[in-house]
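Everything below concerns the one structure shown next.
Computed from the coordinates by the stated procedures, all read-outs in this text should not be read as laboratory data. The shown structure was predicted, so the numbers you read here are calculated from the model rather than taken from an experiment. Every residue, glycine as well, gets a Cβ built from its backbone with ideal geometry; the counts of neighbours run over all protein chains shown.
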Amino acid sequence: MEIIVKDSAEEMSKSAARVVARALNAKPNAVLGLATGSTPLGLYKELVRLHVEEGLDFSQVTTFNLDEYVGLTRKHPQSYHYFMHENLFKHINIPKENIHIPSGTTDNYEAFCAWYERRIVELGGIDLQIVGIGTDGHIAFNEPTSSLGSRTRIKTLAKQTIDDNARFFDSADEVPIYAITMGVGTILEARKIILLASGLNKADAVAQAIEGPVTSMITASALQLHADTMFIVDKEAAGSLQMAEYYEWIQAKMPDAP
Ligand code: GLP
């Protein structure tokens, strides 16, 4: 695992954008796995800037988003479809047909989930997967006790997640109770994974994910089983890491660190 601690959320975002840009320069038709939430917003802003100002090309890129709320249409301002369109897709040159986001309104969730999994495989698998982390240690919407081998499916959200995400809605009552999410097993099949985290409220979850035992209680800890995972976090989110000095020392010795 590579642990990169940055001074600010802005630096975290720029560092992640450099990794994505390197991946696209090496493989212009890369398959990206994308996340929502407030954490990757800075990354998307920087990718848009790289596209507009430096010509970063998305014309051959394919994307798969991690998750979507069940019951929200793609036009709903809190849907992840809307979020991705507003914050990234409408600003870059990605073909519409290359974008995949789980459907929150399909009439057959089981068939949709099976199709989503198949589609990832058909397109060659995910080259680079971006994930955030919930305060309860979840990745995507894989809440505590999700199987570490789980696949794309419907999950019931934990109370903690509903409370955390209520800030985007008028009240907690409006947060959907169910989501459709890639599984931990699906995520672990990506060739490379980057977990982003910023802010003090993520410090405990980050420490447990990186330095705690691998457990379904903190589904981000499953990333310890992946051979190419990078955690890019800001100083606040790194605040509870016991080995922080060691990670900073390693980074200082790496000339091409992102
Ligand atoms: C939601 C999303 C996750 C995200 C998490 C943290 O639960 N499903 O993918 O990582 O929120 O969001 P934020 O970045 O806003 O803290």
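Sort ILE139, ILE177, ILE4, ILE187 so the one with the fewest other Cβ atoms within 10 Å of its own Cβ comes first.
So the residues, fewest neighbours to most, are ILE177, ILE4, ILE187, ILE139.
For the range 18-103, which trypsin sites (Lys or Arg not before Pro) are in a loop by DSSP, counting at most 14 other Cβ atoms within 10 Å?
LYS75
Mean Kyte-Doolittle of at least 1.0 plus a Cα span of 15 Å or more along the axis: flag which DSSP H helices in the chain meet both, please.
Counting only whole DSSP H runs, no helix qualifies.
Multiply the residue gap between ILE250 and VAL52 by 0.36 nm, knock off their C-alpha separation, and tell me the result in nm, one decimal place.
Numbers: separation 198, 0.36 × 198 = 71.28 nm, distance 3.34 nm.
Taking 0.36 nm per residue and subtracting the Cα distance, the gain is 67.9 nm.
Straight-line reach only, C-alpha to C-alpha below 19 angstrom: list the aspartates and glutamates that LYS155 could link to, leaving out same-chain residues fewer than 8 apart.
Result set, ordered by chain and number: ASP67, GLU68, ASP107, GLU110, GLU117, ASP136, GLU143, ASP163, ASP164, ASP173, GLU174.
At 0.36 nm per residue, and after removing the present C-alpha to C-alpha distance, how many nm does the segment from THR215 to ILE177 gain when stretched out fully?
11.3 nm
Cα-Cα over 22 Å: which of LYS75/LYS96; LYS27/LYS96; LYS96/LYS192; LYS90/LYS235; LYS45/LYS159; LYS45/LYS90?
LYS96/LYS192; LYS90/LYS235; LYS45/LYS159
Need the full-extension length gain, LEU123 to GLU110, defined as separation in residues times 0.36 nm minus the C-alpha distance. One decimal, nm.
2.6 nm
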